[in-house]
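Report on the following structure.
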Amino acid sequence: MRRSSRIAVAAVSLLLLAVYVTPLWRIELIAPQYPEGLGLRIWVNQITGLKPNDLNSINGLNHYIGMRAIEPDAIPELRLMPRLLACAIVAGLLVAILGRRGPLYGWAALFTVGAVAGLGDFWKWGYEYGHRLDQHAAIKVPGMSYQPPVVGSKQLLNFHATSWPDVGGWIAIGALACVIVVAVIEWRRARHASALAARGRSSDPGLDLTPRLGVQGHDG
């Protein structure tokens, strides 16, 4: 790896420390009876309301339609994600120190898989909360589910729900994009160097084993 690539990897790894203190995702709900909106912020280790009482208000509304209460302490991912993030940061710094392409490719692959798995788990979490409803709820709408979107907007009864990355989420997305770019650049450099080396070997006369005709000794 070139020095510039090692510096970029180290910088990206340290940038991920900001994810510990910034929210990853935000979900907003707007309805006629809540024109100011309600919302949630999902952090690496907690879930909070956009405003101080939003989480309690959302749990109160969820109770009427049969959804489980959102209890951050009962969500195992919020205990696991800080450790996984720490492993990603340490791994990135080790890649920068080693300066080898193999570990870089491995780190980029694991980073990508982790990001996709995280979004998949977020979808699964929303699915379970939105589909596993209490059959004795006060409000029941046949065929209705209340899964929020992972990204984008969706109408849920009279609530318009939107879900987008927050500051920490954009930092993580930017970090992943930088890692992939560095890995691709290093892969192209390695291919270019291999091609030059191959051309150099083919043009080296010392490696030409073709029998030379014309000047040969004769017996007799």
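The values are calculated or read from the model by the stated rules, or taken from the named source; none is laboratory data. Nothing here was measured: the structure is a model prediction, and the numbers come from that model. Positions of Cβ are backbone-derived with ideal geometry, glycine not excepted, and every protein chain shown enters the neighbour counts. What goes into the accessible areas is simple: the full protein's heavy atoms, side chains included, and nothing from ligands, DNA or RNA. Shrake-Rupley method; radii C 1.70, N 1.55, O 1.52, S 1.80 Å.
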When the accessible area of the chain is computed with all protein chains present and a 1.4 Å probe, what percentage of it is carbon and sulfur? 64
Over region 27-125, what relative contact order in percent results from Cα pairs under 8 Å that are six or more residues apart? 15
Value of relative contact order over region 147-188, rounded to a whole percent, pairs C-alpha under 8 Å and six or more apart: 25
If I compute log10 I(q)/I(0) by the Debye sum over Cα atoms at q = 0.08, 0.13, 0.15 Å⁻¹ from the structure I just sent, which labelled value in (i) -0.45, -0.83, -0.98; (ii) -0.27, -0.74, -1.01; (iii) -0.34, -0.81, -0.99 lines up? (i)
Per residue, what accessible area does region 1-97 have, given a 1.4 Å probe and all protein chains present, in Å²? 55
For Leu24, what is the net charge nearby, where nearby means another residue's Cβ is under 10 Å from its Cβ and Lys, Arg count +1, Asp, Glu -1? +1
Under 13 Å, Cβ to Cβ, from Trp43 - net charge with Lys/Arg +1 and Asp/Glu -1: +1
For the chain, build the charge dipole from Cβ charges (+1 Lys, Arg; -1 Asp, Glu) around the Cα centre, then report which of Gln155, Val44, Leu55 sits farthest towards its positive end. Val44
For Ala8, the net charge from surrounding residues (Cβ-Cβ under 14 Å; K, R +1; D, E -1) works out to +4
Estimated dipole of the chain in Debye, rounded to 20 [Cβ of Lys and Arg +1, of Asp and Glu -1, Cα centre]: 680
